[in-house]
Amino acid sequence: MAEVTAADSPTAQIMKTLGAGSGINITELAQNLTDVDKAPRQEKIDAAVAATEAKISAYGLISYQVSLLQSAFEALNDADELATNTASSNDPAVSLNSVDGTSEAGSHIIEVTQLALEQRVKSAEYSTSTTSLNSGSAFDIAFAVGATSTTSSTVTVEVDTPEGVVSAINDADMGITASLIDTGIAGANYRIVLSGATGSEGAFSVSSTPDLGFATPANSLQSAQDASLEFNGLAVTRSSNEVSDLITGATLTLNAVTSSAARLTVSSDKSTLKTGIENVVTVYNDFRDIMDTFVKAPQEDVEFSGALQRDLAVARHVMEQVRTSLFDDSSTASGDITGLRDIGVSVDQKGRLTFDEDDYDSAIADDYDDVVMMLTANTSDQNLYGTAAKGLAQDIATTLESLTDSDSLLATREASAEVALEDYQEQLEELELRMAAVYDRYLGQFATMESMVERLNGTREYLEGQLESLSKAYDN
């Protein structure tokens with residue numbers, strides 16, 4: 001609401017226009033008296049508004065800093081992401097792919113003597129894709145899959161055409177795929193080609209009436225076989241050319257038979273973990289500095305200083321929760337590594353975190369696996385809601401999440417402060433209304449006074465006139 005001023009009053013304008021009365025500027029006097037009444041009340045409300053706005057800002061900044069700290073720990077909660085591993089091969093016949101953080105640095109020798117292959121067979125020749133194969137009647141195809149352990153299945157072909165055979169086999173989803181190939185040879189354009197899974201156990205046999213030609217020896221295109229290789233001097237066979245169980249955290253792709261032994265090298269860069277720990281220290285210290293600003297006595301030119309001096313319970317609660325979580329033992333302590341204190345993180349006399357690189361480097365060199373277990377429980381892709389042990393990083397992140405969620409003490413206090421701020425705004429509006437009434441009352445009283453003074457002035461002027469007339473009469 002706009003502030004009431006002397007110039008706004010119709011009575012004041014009339015008094016000014018007439019120039020009558022005592023000669024006192026009653027509009028200014030009324031405004032001054034109103035301001036005297038209003039000032040201490042408005043100052044009190046304005047101070048409450050400023051303090052409440054500062055608290056709201058403080059709560060918001062605390063939530064933001066806690067969220068930053070939560071993110072810093074979530075960056076440390078996956079074992080695969082604590083180290084960046086790279087891989088190389090000196091022979092294109094073997095690729096080393098999909099290397100994650102669990103791979104150990106080292107070199108490996110591999111020699112591939114045979115690739116894994118799938119069985120492929122073709123059918124008899126057909127002139128069209130819709131040639132009738134069984135005089136329009138449905139028929140069954142029997143399959144036996146496996147070399148040492150056989151699985152039998154039957155596929156019913158409802159539409160007795162090459163297209164119908166392909167659709168029926170693929171719809172059965174039994175690990176054998178069918179395709180219809182147009183060879184481009186006039187009069188014998190179409191062949192059905194069946195393919196199984198790679199590896200010797202993907203071998204299959206086919207029989208049917210009518211005979212589709214799959215069992216004819218001349219129609220065999222390729223036999224199923226396992227990959228054969230020598231890995232670090234050990235003879236190995238695998239059913240696939242994608243091998244993921246020889247090097248931890250890495251997948252080998254066998255592209256061709258090697259002409260000589262190939263060397264595979266895994267290199268590990270653990271700087272990601274160190275950078276993450278340093279970031280935790282930095283973010284926590286920023287959080288600590290902000291909290292100190294909020295709880296200490298207000299300082300000139302320091303924004304929000306002392307904002308929570310009247311709400312120290314909240315500040316102390318948040319600080320205690322954060323500090324305790326940082327120095328709790330891990331739920332998955334391993335060996336001599338139980339918490340952050342064992343990897344170079346400590347607290348100085350001012351309550352700030354410090355990071356000792358020598359202690360950290362020593363722990364990583366001697367107990368890297370224990371450090372990973374302590375932080376991550378040796379797991380990846382973690383979340384807040386799992387029930388299994390998560391490691392210290394996710395334990396802390398979960399605690400920090402609870403400090404900023406919608407039911408937290410911070411959120412509750414911020415909501416209460418927002419309500420209080422609305423109440424103070426209403427009080428200011430009510431004060432303006434009351435002061436407008438006070439101003440009108442003063443102005444009305446002064447207008448009455450002016451009227452009385454004017455009448456007295458009139459009487460005085462009349463008496464002065466009469467006395468002057470009498471004086472002139474006596475003089476004559």
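Just so it is clear, none of the values below were taken in a lab; they were calculated from the coordinates. Given the structure is predicted, the values throughout are model-derived calculations rather than measurements. Here the Cβ positions follow ideal geometry from the backbone for every residue, glycine too, while neighbour counts run over all protein chains shown.
Some points to look at:
- Size-normalised alpha-carbon gyration radius of segment 118-225, reference 2.2 N^0.38 Å: 1.01
- Here r is the Cβ-Cβ distance between residue 452 and residue 474 and R0 is 22 Å; the resulting FRET efficiency, rounded to 0.05, is 0.10.
- With the convex hull constructed from alpha-carbon coordinates only, segment 56-193 shows a mean projected area of 18.6 nm² over all directions.
- Net +/- balance of residues flanking residue 264 in space, Cβ distance below 14 Å, scoring K and R +1, D and E -1: -3
- Applying the criteria of a DSSP loop state and at most 14 other Cβ atoms within 10 Å to the chymotrypsin sites (Phe, Trp or Tyr not before Pro) of segment 338-401 yields 385.
- Full extension of the chain between residue 389 and residue 361 gives 7.5 nm of extra length, using 0.36 nm per residue less the Cα-Cα distance.
- Each residue of segment 146-152 was assigned a 3J(HN,Hα) from its phi angle through the Karplus curve 6.51 cos²θ - 1.76 cosθ + 1.60 (θ = phi - 60°); the sequence is x, 9, 8, 10, 9, 10, 9 Hz, with glycine and proline shown as x.
- Two-decimal log10 I(q)/I(0) for segment 86-139, as the Debye equation yields it once each C-alpha is a single scatterer, q = 0.16, 0.17, 0.22 Å⁻¹: -0.69, -0.75, -1.04
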